[in-house]
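What follows is a short report on a single structure.
The values are calculated or read from the model by the stated rules, or taken from the named source; none is laboratory data. Computed from a prediction, not measured in an experiment: that's the story for all the values here. Counting neighbours? That spans all protein chains shown, and the Cβs are built from the backbone with ideal geometry, glycine included. We work out accessible area using only protein heavy atoms, side chains counted, and drop any ligands, DNA or RNA first. Shrake-Rupley method; radii C 1.70, N 1.55, O 1.52, S 1.80 Å.
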Amino acid sequence: MVARVLVVEDDPTVSGVLVAYLRRAGFDPVVAADGPTALQQWGRVRPDVVVLDVLLPGLSGLEVLRRRRDADDDSAVIVLSALGEEDDRLLGLDLGADDYVTKPYSPREVVGRVQALLRRSERLGERTGARPLLPRRLVSDGLWLDLAARTAGTGDGPVTLTQREFDLLAHFMGHPGEAFSKEQLLRRVWGWDFGDASTVTVHVRRLREKVEDDPSDPRRVVTVRGTGYRFDGQVAVDG
């Protein structure tokens, strides 16, 4: 099944080049040139990945992202932010973006990031009929994670996670009691050899808000002083 990529970019030259690279890589790209159109297209075509510029006519990219996440949409999102716009980048991550690319960028880099997001999903069994590399279901004290269906929940009911939040929790629960630095998590979960460690910080905070009883006093995803983070608790394999 060909993955669909929604490119949200108001510069037709930039979007045209990116679309050409995506098609060459075997994707099915769809373009939206402003915020309102992006919202409409996003809801209609249900993209696998969204490449989202921040500065858009009509509605900002960050507002588009906020509305889609409020609607429990879990499409993977790559935010495009201009060099130096760190606040926009961090806000995008905080709103549920999975990745970011800083302008000016190479279209080849964006395609690589799209491929990396989809490969991660495939390794966990979402888009292939092959047997997943990890057990189907992990359970820990009321928290459960279905790796094949890519769903999660607690005793209070289902929990909606973005693709990157799901991957991060799957990594933690797959290695209970093991501490990881932010740099290690960037390599293992994001697939980056280098990057902004604040990306991990933001995703851990968002993950805690969804799976901890008290995010200000986490009991599952805990901070290891001087190292990084660790998943505490016994994890059972179910299936």
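Please list 3J(HN,Hα) in residue order for segment 94-109, calculated via the Karplus relation 6.51 cos²θ - 1.76 cosθ + 1.60 where θ = phi - 60°; whole Hz, with x for glycine and proline.
3J(HN,Hα) across segment 94-109, in whole Hz: 5, 7, x, 5, 9, 7, 8, 10, 8, 7, x, 10, 8, x, 5, 5.
Once you've got the GNM for the chain with C-alpha springs shorter than 10 Å, pick whichever of VAL17, VAL114, VAL49 has the biggest mean-square fluctuation.
VAL17
Just to verify a number: what accessible area does LYS103 come out at with the full protein assembly present, 1.4 Å probe, Å² rounded to tens?
60
Which of VAL19, LEU90, VAL237 sits farthest toward the positive end of the charge dipole of the chain, with +1 on the Cβ of Lys and Arg and -1 on the Cβ of Asp and Glu?
Working it through, the farthest residue towards the positive pole turns out to be VAL237.
Going 7 Å from the Cα of ARG136 toward and past its Cβ, which residues in segment 206-239 have a backbone nitrogen under 14 Å from where you end up?
Label zone hits: 237-239.
Rounded, prolate or oblate: which one fits the chain, using the alpha carbon gyration tensor with axes a ≥ b ≥ c (rounded when a/c is under 1.5, else prolate when a/b beats b/c, else oblate)?
It is prolate, given that a/c is not under 1.5 and a/b is the larger ratio.
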